[in-house]
Amino acid sequence: MNALNHRESEREDWWLPRAEGVAEYISKKFSSSDVILLQEWWFDERFNTVFDSVMGEEFERIAERRPGGGGDDEGGTIPMRDDGMCCLVRKKGKLELVKSDKILTGPQRIAQIIQCRERCSDTGEGRNVFIANSHLSFPGDQDPLINNQRQANEAGLILDALTKASTEWNDKTSSSSHPGNECLEVVCGDFNSDSCGHAASLVESPPHNFVNCASATALSCLTDIGGQVNIGVTHCNHLGERVSVDHIFLRLQKQNHKKPNPKSNIHRKAAAAPQPMKDRCAALALGFLDAKGTRILNVRTDNIHLEGSTVLSDHRPVTAKIAWPRLTTKPSKEILCPDLYVNVTMPLDPLQPAW
């Protein structure tokens, strides 16, 4: 059988060197990153051992497996696939992992909803970070409108789930939280569409109002960019096409913010006909999320150079650096101003053919 028809997972001499190389790359390149998000993760025990042996002392790992086809949903007998999504949180970083959950966004497709909490050196209560690790469906239909609508619907489900997780936590802890407390919300991952697609436009449009980190960084460097910005090639898809489809979006939410009415179906309407963002705050478009210094500092991509005899997918990590000052009642010299690093990477897909 031709090698192009084999899955990489079928050959240990294919996937093992690559897995070791990716684990070493992440450990060295992103050792200071607070959160690393992987949109493709293999649940093979040997594969997990490779990453744990290299990164186990540095990062806490939590992964969610996606369901397979068939089975009885009500009876809980749906078979699970061998892959899913993964989140790595640095053990000595500025955030600690609270919990992870998953939502179904389509047949055999999920998003990972993660809650982290800020580590505090004083007695103050750490702020929360809610993250949606996303992997939208591939635009496989011949009709681009169908592809756009499907991806926008998936993005809408992810936004609803992220808002629900954040709101439920705020409601549960509002009695003991400090007035004016805030949380950071992140939507990121492989959208399988660029920043002008329906899904990305929905995330940035009202009432969600997330900021595209790449666009904000570019806009702060240029006087006129002429519209939304792609960060450049972020990976090659399974067809060998170079694409710019990996994104990081941010928004800052105050404690006890109002939850959008899920019955309004507003994201479905926006998905069908995304509207340009009118009257958007210029500072917000530049990546300034508030007036006290919370801002997007930069966004970068990088190349992964690995040794091996097979042809490797060109997956390029996308990294965002965020300044999130923390107001305290202490003197100004004691104010904590952490910079958070969030990485979105798709370094490995051993279940796909080694094209």
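The values are calculated or read from the model by the stated rules, or taken from the named source; none is laboratory data. It should be emphasised that the depicted structure is a prediction, and the values quoted were computed from it without experimental measurement. Note that we place each Cβ from the backbone using ideal geometry, even for glycine, and neighbour counts take in every protein chain shown. Just the protein is used for accessible areas: all its heavy atoms, side chains included, with ligands, DNA and RNA removed. Shrake-Rupley method; radii C 1.70, N 1.55, O 1.52, S 1.80 Å.
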If r is the Cβ-Cβ distance from SER31 to ASP171 and R0 is 41 Å, what FRET efficiency results, to the nearest 0.05? 0.65
Can you order the peptides 156-162, 287-293 by their average number of other Cβ atoms within 10 Å per residue, highest first? 156-162, 287-293
What FRET efficiency comes out for the pair ASP160/ASP302, r = Cβ-Cβ distance, R0 = 30 Å, nearest 0.05? 0.40
What distance in nm separates the simple spin-label points at GLU58 and ALA282, each placed 7 Å from Cα in the Cβ direction? 4.2
With an 8 Å cut-off on Cα pairs and a minimum separation of 6 or more residues, tell me the relative contact order of segment 97-172 in percent. 26
Can you pull the one-decimal nm distance between simple spin-label points at ILE146 and ASP44, each 7 Å off the Cα toward Cβ? 3.4
What does the accessible area of CYS116 come to, in Å² to the nearest 10, when a probe of 1.4 Å is used? 0
Separation of the LYS91 and ASN209 label points, Cα + 7 Å toward Cβ, nm: 4.0
